1. For region 44-51, state whether one or more residues are in a strand (DSSP E or B), at pLDDT 95 or above and either in contact with a Phe, Trp or Tyr (Cβ under 8 Å, 6 or more places away or on another chain) or polar (S, T, N, Q) (or both).
2. For region 59-114: of the residues being under 13 Å from ARG22 (Cα atoms), touching a strand residue (DSSP E or B) at 6+ places or on another chain (Cβ under 8 Å) and assigned to a loop (DSSP other than H, G, I, E, B), which is modelled with the lowest pLDDT?
3. For region 58-84: of the residues being of a type in the set (Val, Ile, Thr) and within 16 Å of the chain's Cα centre (by Cα), which is surrounded by the most Cβ atoms within 10 Å (Cβ to Cβ)?
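The values are calculated or read from the model by the stated rules, or taken from the named source; none is laboratory data. Since the structure is predicted, the reported quantities are computational estimates derived from the model, not experimental observations. No Cβ is skipped: glycine too gets one built from the backbone with ideal geometry, and neighbour counts run over all protein chains shown.
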Amino acid sequence: MGTLCNQLPHWSKVRESMPLLRIQKVMPLEGFRLRLTLTDGSVVERDVSDLLAGPIFDPIRSDAARFREVRVEEGSVAWPNGADLCPDVLIWGGPPPREPRTPPKELHLEAKTAGA
């Protein structure tokens with residue numbers, strides 16, 4: 001049977017037509033923002049303040065030093081206390097889009113120049 005995503009015909013087509021984007025690098029910023037470098041080389045910034053809900057996020061919300069302990073784990077972001085966030089929510093604001101070539105909202109591509 002598999003996961004719900006695997007059962008949706010749309011998801012199967014998206015998965016076949018594009019590699020799944022994941023998080024390769026994370027940099028914590030002020031105000032519960034994260035700068036994410038994705039596996040395709042693009043860079044996005046996300047305000048995750050609304051996503052830090054529930055008791056597991058209490059120490060992260062109340063202590064900026066703990067928020068800065070964020071790291072990449074299996075293509076998403078996680079903290080040492082076991083809290084983590086879904087990569088699709090961080091990258092796309094939900095499941096991947098129906099149109100495979102639609103870039104993530106607020107996409108900011110880093111200029112990649114030879115020798116820079």
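1. Going through region 44-51, the residues in a strand (DSSP E or B) turn out to be 44-47.
Adding the requirement that they be at pLDDT 95 or above leaves none.
Looking through region 44-51, none of the residues is in a strand (DSSP E or B), at pLDDT 95 or above and either in contact with a Phe, Trp or Tyr (Cβ under 8 Å, 6 or more places away or on another chain) or polar (S, T, N, Q) (or both).
2. Step by step, filter region 59-114, then rank; the result is PRO104.
3. Within region 58-84, the first condition is being of a type in the set (Val, Ile, Thr), and the residues that meet it are 60, 70, 72, 77.
Among the residues that remain, those that are also within 16 Å of the chain's Cα centre (by Cα) are: 70, 72, 77.
Numbers: VAL70: 20, VAL72: 16, VAL77: 22.
This residue is VAL77.
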